[in-house]
1. What size of dipole, in debye to the nearest 20, comes out for the protein assembly as shown about its Cα centre when the only charges are +1 on Lys and Arg C-beta atoms and -1 on Asp and Glu C-beta atoms?
2. How charged is the neighbourhood of B:ALA660? Take every other residue with its Cβ under 9 Å from the Cβ of B:ALA660, and add Lys/Arg as +1 and Asp/Glu as -1.
3. List, in the order given, every pair from B:LYS583/B:LYS671; B:LYS395/B:LYS417; B:LYS358/B:LYS417; B:LYS108/B:LYS794; B:LYS338/B:LYS671; B:LYS265/B:LYS417 whose Cα-Cα distance in the structure shown is over 19 Å.
4. I need the chymotrypsin sites (Phe, Trp or Tyr not before Pro) found in the stretch B:151-239, filtered to DSSP loop residues with at most 16 other beta carbons within 10 Å of theirs.
5. Enter the mean number of other protein chain beta carbons within 10 Å of the beta carbon of each residue in B:181-189, as an integer.
6. Count neighbours as other Cβ atoms within 10 Å of each site's Cβ, and list the trypsin sites (Lys or Arg not before Pro) in the stretch B:579-651 that are DSSP loop with at most 16 such neighbours.
7. Which GluC sites (Glu not before Pro) in the stretch B:771-866 pass both tests, a DSSP loop state and at most 15 other beta-carbon atoms within 10 Å?
8. By counting other Cβ atoms within 10 Å of each Cβ, how are B:LEU4, B:LEU42 ranked from fewest to most?
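The numbers here are math on the coordinates, done by the rules we state, and not lab data. As the structure is a prediction and not an experimental result, all values here were calculated from the model. Heads up, the Cβs are rebuilt from the backbone with ideal geometry, glycines too, and the neighbour counts pull from every protein chain shown.
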Amino acid sequence: MHAEPKVKPSGAALIDPAKEAMLLAALYIAQEQRGYLTPEVIDRVAARLGLTAGQVFSTASFYTLFRTKPVGRYVIQVCSGVSCYLVDGAEKVSDYIGAKLGIRPGETTADGRFTLETVQCLASCGTAPALRVNDQLYENLTPAGIDAILDRLLGEV
Amino acid sequence: MPDLVTLTVDDVKVTVPAGTLVVDAAKAAGIEIPIFCSHPKLDPLGACRMCLVEFVGPRGSKLDTACTVRVSEGMTVRTSTEQVKAVREANLGFILINHPLDCPICDKGGECPLQDQTMAYGAGVSQFVEAKRQKQKHYPISDLILLDQERCILCWRCIRYLDEWEDKPQIGLFERGGETVIDTFPGQPVDAATSGNIIDICPVGALTNRVSRFRFRPWELKKTPSVCTLCPVGCNLRLDERVHELRRIVARENLAVNDEWLCDKGRFLHQYVDHPERLRTPLVRDAAGEALRPATWDEALHRVIEKLGDIADTNGANALGGIASARVSNEAAYLFQKFFRALVGANNIDFADGSAVKAQPTGLSAIADIAKSDLIVLVGFDPSEAAPVLDLHIKRAARRAGAKLLVINPRRIALAKYPGAYLPVLPGGEAWDLNGLATALQAARAANQAGSKPAPAPTGKAKLETKVAVMAELRPAYDLLAAAKAPLFIYGPDAARGQLGKLAVTALSNLAVALGFGDRLAYVGAEANSQGARDMGLLSDTLPGHQPVTDAAVRERLGKLWGVQPPAEPGQSYAAMAAGGVKALYVMGANPAATVAGAEALHKLDFLVVQDLFLTETAQLADVVLPATSFAEADGTYTNLERRVQRGPQGIKPAGESQADWAILAALAEKWLASQTVDTGEVSKAIEQPDWKKKRRKIKAGPAPKPWNYPTAQAVLDEIGKAVPPYASLRWDALGEAGVQWSTSALVRAPRRVEPVDVAPIAAAPAGSFTLVSGPLLWDNGPLMPYGAEQVRKLTPTPFVALNPADLTMAALAEGRQVTVTSAYGNVTLTLKADASVQPGTAWVPANLAGAPAETLGAVRGEPVSVAVKLV
């Protein structure tokens, strides 16, 4: 057995775990109330938790499920991470959906129903290509599968 | 002794303390492991993967990051295997995928770790053919720093610095994956007082210096190790010169002083050195007495000698006085006081906050002691504004070592947010609270030490007061002090001026002594070389080496060195001289005419000499102006707040004909001495001599001063070693690049003991008016600030007065309005601000703003001043 090294507190010791732990929940609540996270909302969350706006925005922008801009009713997030890219999917999937809806990634349809986004990694690398519609994940995408998803959503509207 | 661990790095056996990181252990073995994100002063992270090395274990070897793995006994590390080389090449390939190839226009080019490591460890060819990512380029994240997101390699050093050292996590990592960028939150620029350090530690050109941007290529610079002269911390820095211009200042490592940090003032305020308004020739007032005209050094110095001599002959030596700045070098301070004591024959020498402040002679025991303290008591001292690198050390102690802070200040300063206690006081009221605490602690100590010598019992009145006080608002402070095992006491000039200040310092000293830590009490002055100025005896009542002028033995010792003994009578203070106590005044680097009242007093002088960098308000009134060099243009030593004597060598050619302060004084003294000798004919070999050169003053009866022979600043320092006992061993060469603390053992001091303090509470300002509170602001309008770069100048706020928001509401005043602030000493027009750190009933006007509003209102008089605030 090696002697246990005497380690000084690292960066983790500086962060108040309580504040950090509440951050995601606070952002969820704020987004539910406001639809998306405006700079004012981020400032308010930061003030309530005693964090800087930068820290809050850092977390909000990291997670694809938080939005910092107004979006459509259905947000289609197409993964453009490495696995999805390598199965030759990422660009084709977003191009295919974009052509069907008449919008490019980052845009919302004129009727406010769909927003198309490309996102970095949905943590679904084993079942690439993948996309998400609001909180629902769809994997192993094919053109037919995408048609089915969109048709169902159009039916729901 | 820490536990030691022995490991093998590339067949080199090395023994290091347990807990050492492998990257540092390898360095100790003389083996360099390339790094980007790792930094000796930041917590380990392992973000860049550049330091991957092989760890050999029982089941073969594996790669891991040397910057996060700590050593263990018997560990075997290999840093130069084929696998490690391949990984480094691949990793650099990844880092360079999106790094722009704009090295030819990048400020970092030539001193860039990414460039250097790509040369040393890179593949030499790129496999990458795709387009690089486009991100935001060169846009400001503050007035002082530009960010180029394309160049950033996401090492997190800037993020970690601002979080771990500044406790201001203002830069964050936004987005994720390949889109990750560092940035600030919109509308919230970086405003940390030491933000510039992130430029130094950035391993690429992502963060660049807006003041020095595009003004040099690193390989063209002449680099001179020096020290900062803007505050008493004395941070080590490097002067980067090119074509006779100071292009940039960067931090220089000194682990005992500033680690490798600088504050933004020290880093960015340097353009004054090359400013077009620098005085470049001596000036003398013309025959009509109206304008200042350029003159030769010979003429100007003779004018000074002649006039000073005439006034001394007519009115006596006591009609002459000298006011200096405590920013000047030890050599200048020493020769200044010697000029007056040995040649003029008066002790009329002082600096602002000099003899008016009761200072501990020894300063801080050591900056390193901050980290070892469990309680740091700050009385009338705001390190965040007055000494930002000390502020870093204190915040570090509070957050890392669990030190508590006891803040005693009229304003809730930034450091008051850390665990501990904040004790609000009225200016001048420090003594009352400190005395209450000291008396209570003495009583408690006496009660605990039954059988040992009891402390003097408090008198009936004091006892009652103490009891009442400690039961109420003093309780948190009392509890902190009573529980402290290693307290450190630091006070600043704002609590120590005048008669009330003397009481406060005595009470604070009693407090420290009562706790058994009388040697852990430190005074930190406002100006950079305050400690050195005191060591040199730049005081009306104190000789070099902190000995009173009344000490005959010291006078005799100095008399042997100088040829003439200094006078035994204490001289006039700064305030007395500036108020007309003398007929002729010699001002070196100070600006007493900054206030209208100060200027009026100087008008009454018969003769005024000013030695400075710029034509200050005071210089505009002068009869003779002598152009002096900045710290960067002349050799000199400076003594910081922990008594560390440090070298500040010349790093750039002086502006115009300007000369070092000490050299001007030496030249002046030579002429003074020459004017006193009998004209033997040998001296006057010049063909055409103006009349004033032939004039000779009568030789005074008694011993003659020894000749002044100082070919260099080092020669002056040699004499300082003889005049100031603790400096005896501090020769220029001995100081090295890190400086040397002078030893307190050479200083004869009175034993520290409890002295009675007779003090009354300070009455609050009458209803409808406020008690004036002043103190330092980092970005003030101090002597050099108006000559800084534009980005630096705009950090100084428009002159303002701040009230507590509740007071603002109560007085029906609105923020942003223009108000007239009136005291018994004057009135000023200021912009009104609301500030919750300002205590109710007080009005905060920072020191040294444009037009000197706080000084005009009487803030530095060392007595409570009440002010009225009315809408214009």
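1. Details: 108 positive and 111 negative charges, 326 e Å.
Charge dipole of the protein assembly as shown: 1560 debye, to the nearest 20.
2. On the way: positive: none; negative: B:GLU331, B:GLU633, B:ASP635, B:ASP661.
So the environment of B:ALA660 carries a net charge of -4.
3. B:LYS583/B:LYS671; B:LYS358/B:LYS417; B:LYS108/B:LYS794; B:LYS265/B:LYS417
4. On the way: sites: B:TRP156, B:TYR161, B:TRP165, B:PHE174, B:PHE214, B:PHE216, B:TRP219; in loops: B:TRP156, B:TRP165, B:PHE214, B:PHE216.
Hits after loop and neighbour filter: B:PHE214.
5. On the way: counts 1, 2, 4, 4, 11, 6, 3, 7, 0.
Per residue, the average neighbour count from other chains is 4.
6. Values: sites: B:LYS583, B:LYS604, B:ARG643, B:ARG644, B:ARG647; in loops: B:LYS583, B:LYS604, B:ARG643.
In loop regions of the stretch B:579-651 (DSSP not H, G, I, E or B), the sparsely surrounded trypsin sites (Lys or Arg not before Pro) are B:LYS604.
7. On the way: sites: B:GLU790, B:GLU815, B:GLU855; in loops: B:GLU815.
For GluC sites (Glu not before Pro) across the stretch B:771-866 that sit outside H, G, I, E and B with at most 15 neighbouring Cβ atoms in 10 Å, the list reads B:GLU815.
8. Numbers: B:LEU4 13, B:LEU42 20.
Going from least to most buried by this count: B:LEU4, B:LEU42.
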